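One structure below.
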Amino acid sequence: MISSIKLILFGLFLVFYLPYSFAQNHSLISQSHVAINQCISKFQSETKNKISEDIDHVYVDVFSKGMVIGFTRGEVGIFDERSINYKPYLVCGLYEKTIVYLGDGLRKEPIFDNEFNDKYHDYKHDFISLLFKKNADDFEFSNSMKIKVD
């Protein structure tokens, strides 16, 4: 009898929770991919340059009202061990799907800044981090995790 109840509960979990979780994650992946391309376009229009060919990882931190997107060479150390050749190249901030900050890791002054610094990110509360890796001419989703802040 107890086994039957466990089996039914597990079945309900599969039917109701997993599709919701998958759909929610798929939506975040899709939104993040759009934001990555938005940041690349903004960088190219502001600098008249393409992003570095060395960039092979993109990290997207998702908050309630915005995103912080980091373009790097190598693993920063969140999803795997930090790469020996890790190097940050570009940081992009979005507030409600609008780019409000664009910084080049090699320059001290931002490329673009609308001074929304305290509104598009919130590292004091839990957030979701997504990893995209370079695949030919695009960045492909690789992994995600919820980051718990104590």
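A compact table of results
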read-out	value
Distance between modelled label sites at GLU109 and TYR86, nm, 7 Å Cα→Cβ extension	3.0 nm
Computed FRET value (nearest 0.05) for ILE29 with ASP126, which takes r as the C-beta separation and R₀ as 25 Å	0.85
Net lengthening on full extension, LYS133/SER64 (0.36 nm per residue, minus Cα-Cα)	22.4 nm
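Read-outs throughout are calculated quantities, based only on the coordinates presented, and are distinct from any laboratory measurement. The structure presented is a predicted model; accordingly, all values stated were derived computationally and were not measured. Virtual Cβ from ideal backbone geometry, glycine too; neighbours counted across all protein chains shown.
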